[in-house]
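Chemist: One structure coming up, written as structure tokens, with questions to follow.
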Amino acid sequence: MTLTPAHRETSARVAERARAVRRNVPEVAAAITRDVRASIPRYDAPGTRRVLDEAVSTALHRFLDAVDGAPHRDRGVEELFRTLGLTEARAGHSLSDLRAAVHIAVSCSWQFLRRTEAESGSGQPIRSDIADAVIAFADHLVAEADAGHAEGARRRDGDSLRARARLAESLLTGAPTLPDDHDAWPVPSTVLVAVVELPDGERPDLSALGRTALIVREGDRLVILADSAHREQVVETVAAAGTGRIGLATAPTQSAVPAAFRWGRRVLQMVQRGVIPEARVVDAADHLTQVWLHAEPGLRQALVQEKLKPLLAETPNSREILSETLLVWLETRDSAPAIAAHLGVHPQTVRYRWKRINELFGEALREPEFIVQITMILKASVPLWKAGDQSDFERFQTSDQA
């Protein structure tokens with residue numbers, strides 16, 4: 001702070017009284033902090049008491065440095081009050097409480113100065129320039145707090161984006177606790193997880209979602225977290241932005257978000273592999289069985305090699321038509337004519353195929369546990385085979401040759 005020439009031209013008496021008052025700083029500081037805490041309950045919280053004590057004591061010493069004519073020492077009071085303003089802004093508070101605290105400090109300081117002047121027996125009133133200096137110094141501190149508050153508001157806007165990104169990462173990875181700033185987005189009871197494919201270099205405009213959703217980028221995908229009640233808005237906004245497929249999954253609780261994230265990615269992968277039919281919007285809820293069956297690819301492959309060995313030994317054409325016919329029978333248990341109608345072939349063709357299937361698997365087709373197993377295996381594998389994935393057969397041939 002720079003005092004005006006009038007403020008610096010203090011008399012010897014004023015300088016002497018200021019130096020005499022300095023030893024009473026602890027008493028004055030205690031009175032100020034007591035009145036501030038009584039008037040502003042928020043400043044009486046344990047976490048703020050130390051900050052309040054430091055601000056009051058530092059400000060009192062800095063003011064006395066200015067008026068007693070002693071060499072000025074940089075006590076960092078300006079930086080302290082800028083920090084106070086910045087902290088209030090980042091916490092979402094106005095400066096009304098801080099301004100009220102400064103007003104209380106001025107009042108307490110003024111009362112103390114008047115009392116000590118009266119006790120000195122000089123019979124002279126306090127000089128008006130000292131009164132002006134007290135007010136000017138208080139205004140100076142508030143101006144520093146204002147500057148800090150403005151900076152804090154700017155940082156808060158940037159921090160909000162970072163806080164939302166941190167929250168999204170915590171939700172998607174299943175962190176045991178959310179960040180302290182999780183109020184950046186109120187986590188709904190049921191979370192919609194949308195995994196969006198991005199064509200090369202595309203940066204879609206999803207501003208229509210506003211702050212109702214969390215949006216983070218993951219490689220060549222976007223991940224959107226939203227209230228499940230906003231499903232249609234999310235789909236429409238993404239579609240309007242011109243991006244690729246959307247994999248949707250719903251998490252009934254906060255802890256289920258990582259699983260929903262996996263499901264959303266998996267359904268998109270299965271569309272690419274041909275396991276799930278091509279679609280712009282793919283809801284995992286419509287394909288949960290396939291999501292489940294493909295959760296452990298290695299286990300599926302091992303079961304194929306163990307349970308379907310006779311089928312794998314057939315020629316490519318034979319195993320394709322036999323596996324398709326067997327799967328329809330397992331799923332429907334229909335008659336030969338009904339299965340034929342489903343496959344678009346003659347009933348006699350189905351009977352021929354069924355005869356061959358019985359030759360391959362024999363009595364195992366009458367064992368309930370085996371039926372359950374091969375039903376799941378074929379449901380997971382036939383779509384892969386029809387899409388051109390030959391890895392199961394190549395693995396069988398390698399093993400057979402070995």
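Chemist: With just the Cα atoms defining each centre, how far is the stretch 330-368 from the stretch 170-247? Give it in Å.
Modeler: Value for the Cα centre distance between the two parts: 46 Å.
Chemist: For the stretch 212-371, what is the percent of antiparallel DSSP beta bridges, rounded to the nearest 5?
Modeler: If I count the DSSP bridges inside the stretch 212-371, around 65 percent turn out antiparallel.
Chemist: On to the next question. Could you tell me which of rounded, prolate or oblate describes the stretch 320-386, using a ≥ b ≥ c as the square roots of the eigenvalues of the alpha-carbon gyration tensor, with rounded for a/c under 1.5 and, failing that, prolate when a/b is larger than b/c and oblate otherwise? Numbers along the way, then the final one.
Modeler: Values: a/c = 1.68, a/b = 1.24, b/c = 1.35.
Note, shape of the stretch 320-386 comes out oblate.
Chemist: Can you compute the charge dipole magnitude of the chain about its Cα centre, using +1 on each Lys and Arg Cβ and -1 on each Asp and Glu Cβ, nothing else charged? Give it in debye, rounded to the nearest 20.
Modeler: 380 debye
Chemist: Moving on to the next point. Accessible area of the stretch 294-362 with a 1.4 Å probe: how many percent of it is carbon plus sulfur?
Modeler: Numbers: 1980 of 3720 Å².
On the stretch 294-362, the fraction of accessible area on carbon and sulfur atoms equals 53 percent.
Chemist: Here's another thing I want to ask about it. What full-extension length gain, to one decimal in nm, is calculated for Thr289 and Thr375 as 0.36 nm per residue of separation minus the Cα-Cα distance?
Modeler: 29.8 nm
Chemist: How many nm is it between the label spots at Ala387 and Glu79, if each spot is 7 Å from the Cα in line with the beta carbon?
Modeler: Going from the Ala387 label point to the Glu79 one covers 6.0 nm.
Chemist: What is the stretch 219-280 by shape, rounded, prolate or oblate, if you read a ≥ b ≥ c off the alpha carbon gyration tensor as root eigenvalues and call it rounded for a/c under 1.5, prolate for a/b larger than b/c, and oblate otherwise?
Modeler: In terms of gyration-tensor shape, oblate.
Chemist: Between Glu218 and residues 5 or more places away or on another chain, which pairs have amide H atoms under 5 Å apart, with H built 1.01 Å from N, and which residues are they?
Modeler: For Glu218, the qualifying residues are Val223.
Chemist: Convert each backbone phi in the stretch 22-30 into a coupling constant with the Karplus relation 6.51 cos²θ - 1.76 cosθ + 1.60 (shift: θ = phi - 60°), then list the ³J(HN,Hα) values in order as whole Hz, x for Gly and Pro.
Modeler: Calculated HN-Hα couplings, in order: 4, 5, 9, 3, x, 5, 5, 4, 4 Hz.
Chemist: So what are the ³J(HN,Hα) numbers for the stretch 315-331, from phi and the Karplus equation (6.51, -1.76, 1.60; θ = phi - 60°), rounded to whole Hz, Gly and Pro as x?
Modeler: 5, x, 5, 5, 5, 5, 6, 6, 5, 5, 5, 4, 5, 4, 5, 4, 7
Chemist: Hey, what did the stretch 130-235 get for relative contact order, percent, Cα under 8 Å, at least 6 apart?
Modeler: Value for the stretch 130-235: 23 percent.
Chemist: Under the 0.36 nm per residue contour assumption, what length would be gained going from the current alpha-carbon distance of Arg22 and Asp205 to full extension?
Modeler: Between Arg22 and Asp205, full extension yields 59.7 nm more.
Chemist: Pairs of Cα atoms under 8 Å, at least six residues apart: use those to get the relative contact order of the chain, whole percent.
Modeler: Taking the mean separation of contacting Cα pairs over the length of the chain, I get 11 percent.
Chemist: A follow-up question, please. Using a 7 Å offset from the Cα along the Cα-to-Cβ direction at both Arg42 and Ala313, what is the distance between the two label points in nm, to one decimal?
Modeler: A separation of 8.0 nm, rounded to one decimal place.
Chemist: Using 0.36 nm per residue, how much length does the chain from Thr177 to Gln254 gain when fully extended, once their Cα-Cα distance is taken away?
Modeler: Value of the extension gain: 26.7 nm.
Chemist: Of all alpha-carbon pairs in the chain, indicate the percentage at a distance above 28 angstrom.
Modeler: Above the 28 Å cut-off, the chain has 66 percent of its Cα pairs.
Chemist: Ignoring everything except DSSP H segments at least 4 long, calculate the 222 nm mean residue ellipticity for the chain; use -39,500 (n - 2.57) per segment, divide by total residues, nearest 500.
Modeler: Working: 17 runs with 255 residues, N = 402.
For the chain, the value works out to -21000 deg cm²/dmol.
Chemist: Another question, then. Would you please give the FRET efficiency between Arg356 and Thr190, computed as 1/(1 + (r/R0)^6) with r the Cβ-Cβ distance and R0 = 45 Å, to the nearest 0.05?
Modeler: Once the sixth-power term is evaluated, E becomes 0.40.
Chemist: Averaging sequence separations of C-alpha pairs under 8 Å and six or more residues apart, then dividing by the length of the stretch 214-345, give the relative contact order as a whole percent.
Modeler: It comes to 14 percent, rounded to a whole number.
Chemist: Enumerate the calculated ³J(HN,Hα) couplings along the stretch 263-269 in order (Karplus 6.51 cos²θ - 1.76 cosθ + 1.60, θ = phi - 60°), each rounded to whole Hz, writing x wherever the residue is Gly or Pro.
Modeler: Listing the rounded values in order: 5, x, 5, 5, 5, 5, 4 Hz.
The values are calculated or read from the model by the stated rules, or taken from the named source; none is laboratory data. All values derive from a computational prediction rather than experimental measurement. All Cβ positions, even for glycine, are placed from backbone atoms using ideal geometry, and neighbour counts span all protein chains on display. With ligands, DNA and RNA removed, areas are computed over all heavy atoms of the protein, side chains included. Shrake-Rupley method; radii C 1.70, N 1.55, O 1.52, S 1.80 Å.
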